[in-house]
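The values are calculated or read from the model by the stated rules, or taken from the named source; none is laboratory data. None of these values were measured; they are calculated from a predicted model. Cβ coordinates were reconstructed from backbone atoms using ideal geometry, including for glycine residues, and neighbour counts include every protein chain displayed. Calculation scope for accessible area: heavy atoms of the full protein, side chains included, ligands and nucleic acids excluded. Shrake-Rupley method; radii C 1.70, N 1.55, O 1.52, S 1.80 Å.
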Amino acid sequence: MNASEDDSRAFEKVLGDRDALSVGSFRFWFADQRWEWSDEVALMHGHRPGAVHPTTELLLAHKHPDDRAQVASILARSVETGEPFSSRHRIVDTRGAVHEVIVVGDTMTDDAGKVIGTTGYYVDVTGALAEERQEVLNETLPELYAARAVIEQAKGALMVIYGIDAEQAFRVLIWRSQETNTKLRLLAGQLVEELRDLGDAPATLRSRFDHLLLTVHERVRED
């Protein structure tokens, strides 16, 4: 077997592993609608890392037909208003597999503080959670029992904002806990505490919550 065949087999194995595709980052510049995908996001769409130069047209082509118009509208609004690109929708990879994703976005600014684009994460919430959840439970079981109420509140907020179920909400919390090296209990508690300051303006609630989710670990204080 040659190196090319080895690479192809490895690529197919990664594509078949939903857990390996769980989270990836992106950046989108408004002025020229230029995209940058991490290797994980490229794989999520079924492409080899570095093999494609993502464009808005390519991104929309991968959207599930029932979600494509919604995402196109969100992107157009982002470019027009400077709002972050945030959404929950389905993508179809190059093999025809459907992924349910949450796009958690925040504003991207230049050195002068001017908004020039949006940056954030794709979170694939279609993968199996059992193994990952058990690993976290084994590490944090005592504190989970002690802080079950606040974790449930944080999960509830995620479920309402993103329209996901309890399992998926828990996965998002685990992601932010592991990504930021912050205890799950403390992260959930800080998130719930800061929710009170978000207000209830429907037009901006999602983008404000995305920003809160991506930055809440910076304000967590250890016991």
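Can you name every residue in the range 91-127 that is in a strand (DSSP E or B), of a type in the set (Ser, Thr, Tyr) and in contact (Cβ under 8 Å) with a residue 24 or more places away in the chain? Steps first, please.
Initial filter on the range 91-127 (in a strand (DSSP E or B)): 91-92, 98-109, 115-124.
Filter again for of a type in the set (Ser, Thr, Tyr), leaving 107, 109, 118-119, 121-122.
Correct list: 107, 118, 119, 121, 122.
Tally up the residues in the range 34-68 that are open to solvent by 80 Å² or more (accessible area, probe 1.4 Å) and out of contact with any strand residue (DSSP E or B) (no Cβ under 9 Å at 6 or more places or on another chain), please.
Number of matching residues: 2.
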Exercise. Which condition does residue 127 not pass, out of (1) open to solvent by less than 20 Å² (accessible area, probe 1.4 Å); (2) at pLDDT 90 or above; (3) over 14 Å from residue 28 (Cα atoms), if it passes all the others?
Worked result: (2)
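Could you please let me know if residue 160 is open to solvent by 70 Å² or more (accessible area, probe 1.4 Å), modelled with pLDDT of 80 or more, of a type in the set (Val, Ile, Thr) and at negative phi? Steps first, answer last, please.
Details: open to solvent by 70 Å² or more (accessible area, probe 1.4 Å): yes; modelled with pLDDT of 80 or more: yes; of a type in the set (Val, Ile, Thr): yes; at negative phi: yes.
For residue 160, the condition - open to solvent by 70 Å² or more (accessible area, probe 1.4 Å), modelled with pLDDT of 80 or more, of a type in the set (Val, Ile, Thr) and at negative phi - is met.
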For this session: Please work out if residue 203 is at pLDDT below 90, open to solvent by 70 Å² or more (accessible area, probe 1.4 Å) and among the aliphatic types (A, V, I, L, M).
Result: yes
Exercise. Here are some conditions: (1) open to solvent by 50 Å² or more (accessible area, probe 1.4 Å); (2) modelled with pLDDT under 50; (3) of a type in the set (A, V, I, L, M, F, W, C). Residue 31 meets all but one. Which one does it not meet?
Worked result: (2)
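Out of the range 51-90, which residues are part of a helix (DSSP H, G or I) and of a type in the set (S, T, N, Q)? Can you show your working first?
Going through the range 51-90, the residues part of a helix (DSSP H, G or I) turn out to be 56-61, 68-81.
56, 70, 73, 78, 81, listed by residue number.
If the requirement is being of a type in the set (Val, Ile, Thr) and modelled with pLDDT of 95 or more, which of these qualifies: 92, 52?
Working: 52 fails: modelled with pLDDT of 95 or more.
Residue meeting the stated conditions: 92.
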